[in-house]
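Trainee: Got a structure for you, written out below as structure tokens; questions coming shortly.
The values are calculated or read from the model by the stated rules, or taken from the named source; none is laboratory data. The shown structure was predicted, so the numbers you read here are calculated from the model rather than taken from an experiment. Virtual Cβ from ideal backbone geometry, glycine too; neighbours counted across all protein chains shown. For the accessible areas, the whole protein counts, side chains as well, though only heavy atoms, and no ligand, DNA or RNA atoms are used. Shrake-Rupley method; radii C 1.70, N 1.55, O 1.52, S 1.80 Å.
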Amino acid sequence: MKSKNRLQRMLIITYSYFFIIIALIAAFSLFLLNEQILNYFAGITHENDTVLTETVNSMEGQDIQNHEQDFYKMLLQTLLLFLSLLMIAVYIFGKWTASRLTTPLRSIADGIQDIARGQYNKRLKFKASYELAQIQDDFNTMAEKLERIKKEKQHLEENKQRMLVDLSHDLKTPITTIRGYVEAMELGLINEDDRRQRVLRLISDKAELLSILIDDIFALSKLDSPQYPFNFQIADIAEFTREIAAEYYEVFAEKNFIFQFDIPKGEIKFPFNYTWLYRAISNILSNALKYNPPGTIVQLKLSTTIEGIEMYIQDDGVGIPPAIKDNIFDAFVRGDQSRKSDGGTGLGLAIAKQVIEKHGGTITLTSNGGTNFNLFLPKNALAFN
């Protein structure tokens, strides 16, 4: 990893070299000027080796003027040489500094403009000192996050549109059925008592489905709201799990399911929301009952770890279709694409996921010759509320 303040040291070293080069150019120019002056005066001295000062004092009139012109000419030549070498040095150091500073800064500025235009897939890639390299890393990290947020937003918008379509369909279907049977009864098309009873029972079932759907939508909207109070209470989660197992034992037995559970006998004090956690686990168990054939083995297991609580809800049924496995926790996704349809709302697992995440936990699914849900609740669940 590059050391900190390397940019500062690089600039100090660069300018030090630059001033050294300027000093060497100046010294070289002065040396050439001195040599020219000495050679000039050596050429105009008398053959009897008269000293330079006497020669100068003997110069009068036009000779002195000519010598002055020659001197200024030599001085101008030396100055032009100095300026030429200085310009070459400035150009070389400018190009080198640009490659180390200006080019990275230009890349950063272009990257910022790309981000401002919404091109979040742009990444910076240049070699530079620690400070600029750190800016590059931070910029790329920011761009990755923005790109991920954009994709998630797009995914949410797509889900929202799909949810509206599914919601419209799920509300319209039972309402259409109810209206059709009510109109038939009003027109006197259903006169037999047995048939009338069947129709009334069907209308009641459809009305109950509508009530459940509306209740699930309301529940999901509450869980989505950050302002909704999600309260915890410290209670015996082992006893809580035993109560759920006792309630569903008879339900599974009536449908010829084999229900097994493994729950610690002792007391396990743990902070959780009783009502919502019950609903989450109940939704998963109800799905196992809805979408699997008789004879399926359903297991409920509770265990403790150093980090928190783990719950396993497993069955050896038909499993989850691969087509919906990746978005099984999205709203209105149903397993009845390859299973029998019994009018589920398609919101049960979405609610379960929201509840577990409200506890600061995670819910994962594996489906390979069956369905396995793994629910994890951390011990510091109160910190997530």
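Trainee: Can you give me the long-range amide H partners of Leu347? Hydrogens built in the peptide plane at 1.01 Å from N, cutoff under 5 Å, separation of 5 or more residues or another chain.
Mentor: Long-range HN contacts for Leu347: Phe332.
Trainee: Give Lys325/Lys358; Lys151/Lys290; Lys150/Lys206 a once-over and call out the pairs whose C-alpha atoms are over 29 Å from each other.
Mentor: Going by Cα-Cα distance, Lys151/Lys290; Lys150/Lys206 fall outside the 29 Å limit.
Trainee: Another question, if that's okay. From the backbone phi of the range 186-192, what are the Karplus-calculated ³J(HN,Hα) couplings (6.51 cos²θ - 1.76 cosθ + 1.60, θ = phi - 60°) in whole Hz, Gly and Pro given as x?
Mentor: With coefficients 6.51, -1.76 and 1.60, one gets 5, 7, x, 7, 10, 10, 5 Hz.
Trainee: I would also like to ask the following. Taking only protein heavy atoms into account and a 1.4 Å probe, give the accessible area per residue of the range 173-245 in Å².
Mentor: Roughly 63 Å² per residue, with all protein chains present.
Trainee: Note the per residue figure in Å³ for the convex hull of the C-alpha positions in the range 161-275.
Mentor: Per residue, the Cα convex hull of the range 161-275 comes to 174 Å³.
Trainee: I'd like the accessible area for Val90, computed on protein heavy atoms only with a 1.4 Å probe and all protein chains in place. Round to 10 Å², please.
Mentor: Per-residue accessible area (Val90): approximately 70 Å².
Trainee: Another one. For His155, His359, what's the largest-to-smallest order of accessible area, 1.4 Å probe?
Mentor: Descending order: His155, His359.
Trainee: Note down the net charge around Glu144, summing +1 for each Lys or Arg and -1 for each Asp or Glu among other residues with Cβ under 12 Å from its Cβ.
Mentor: Its environment carries a net charge of +3.
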